[in-house]
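For reference, the structure is listed below as structure tokens.
The values are calculated or read from the model by the stated rules, or taken from the named source; none is laboratory data. Predicted model only: the values in this text are computed from it and were never measured. Note that we place each Cβ from the backbone using ideal geometry, even for glycine, and neighbour counts take in every protein chain shown.
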């Protein structure tokens, strides 16, 4: 009789299937108490490639965190998304917390936080 291969991630597969099937009851079983679940969201994350990964300034602070400064003369929500990608890449590389500030020119009177 041929041997059947069992995935090395068998526990991961079981826990994911159980959590998806039983939802809130599974979370309670794990000791995780949250607001009620509305739906299961997709977990496949697309790979995002940022061609230009040059931040304006990054300072290592005395408390072992980073301060990331960006200077902008325009406001565009896509810039904020790009800065978030920069921070994610820096965090993946260093594991340090990052505080990001965007300093806008005088012509910008309103920007999202």
- Query: For residues in the stretch 34-81 being in contact with a helix residue (DSSP H, G or I) (Cβ under 7 Å, 6 or more places away or on another chain) and part of a loop (DSSP other than H, G, I, E, B), which is modelled with the lowest pLDDT?
  - Reply: 50
- Item | Filter result for the condition that a residue is free of Cβ contacts under 8 Å to residues at least 24 places away in the same chain and exposed (fewer than 13 other Cβ atoms within 10 Å of the Cβ), over 93, 110 | 93
